[in-house]
Amino acid sequence: MRKVIVTPFQKEWKKTFLQEAERVQEVFKDELITIHHIGSTAVPGLAAKPTIDMMPVVISIWQVDLFIKGMENLGYVFLGEYGLKGRRYFYKGEDDHTHHVHVYEKGSDEIKRHLAFRDYLIAHPKIVDRYSKLKLTLAAQYPTDIAAYIQGKNNFVKEVEQQALKWYDLQANG
């Protein structure tokens, strides 16, 4: 059973991401275009579950299956699309996931969605504060129910995501 543990932002999350990104890059080699640090651990000041979310962008999503064994050798478990068409998902760490890897093909709309959300939060500290408080409250309310924790964040995340996508487009075009 996965416990819901939310902690204050930790500076070492960036270092942890960079170290693991290097390992993942060795697996995907020339198929890899870039790896982004996404999710709450990528946003300075944001309280988060201490799980590093990574988003490798690859040339072809269909080639990812060739790298499953390499990822397993790094300790990852492969779950296929795991509910999102066009994604390949891996996690590391049994009950307490330490890393999530969300692989997308270059040009996927999901890449923009993740980057917009991350960058919008980085640019809007008041929203980061509200989101942190929500996450800490939900973690205290649902310490052993990850599904309820995620559901409790859902409306906030969807609302902010819509604002973030508009903001992101303005940044790109402005």
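Values computed for the structure shown
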item: Within region 144-174, considering residues that are within 19 Å of residue 41 (Cα to Cα) and touching a residue at least 60 places away in the same chain (Cβ under 8 Å), the one surrounded by the fewest Cβ atoms within 10 Å (Cβ to Cβ); result: 146
item: Selection from region 1-27 of residues that are assigned to a helix (DSSP H, G or I), touching a residue at least 40 places away in the same chain (Cβ under 8 Å) and of a type in the set (A, V, I, L, M, F, W, C); result: 24, 27
item: Any hit, region 34-41, residues being buried (at least 21 other Cβ atoms within 10 Å of the Cβ), among the small types (Gly, Ala, Ser), under 28 Å from residue 169 (Cβ atoms) and within 11 Å of the chain's Cα centre (by Cα); result: yes
item: Those helices (runs of 4 or more DSSP H) lying entirely in region 40-152 with at least 1 residues at pLDDT 95 or above and under 16 Å from residue 9 (Cα atoms); result: 109-123, 125-141
item: Residues being farther than 17 Å from residue 92 by Cβ and part of a helix (DSSP H, G or I) - total across region 28-39; result: 3
item: Residue among 99, 36 that alone is touching a residue at least 60 places away in the same chain (Cβ under 8 Å) and out of contact with any Pro (no Cβ under 9 Å at 6 or more places or on another chain); result: 99
item: Any hit, region 123-134, residues being in contact with an Asp or Glu (Cβ under 6 Å, 6 or more places away or on another chain) and closer than 19 Å to residue 153 by Cβ; result: no
item: Some residue of region 32-43 being at positive phi and small (Gly, Ala, Ser); result: yes
item: Members of region 53-86 found to be charged (D, E, K, R) and surrounded by fewer than 20 Cβ atoms within 10 Å (Cβ to Cβ), listed by number; result: 65, 69, 72, 81, 85
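The values are calculated or read from the model by the stated rules, or taken from the named source; none is laboratory data. If you're wondering where the values come from, they're calculated on a predicted model, not measured in any experiment. All Cβ positions, even for glycine, are placed from backbone atoms using ideal geometry, and neighbour counts span all protein chains on display.
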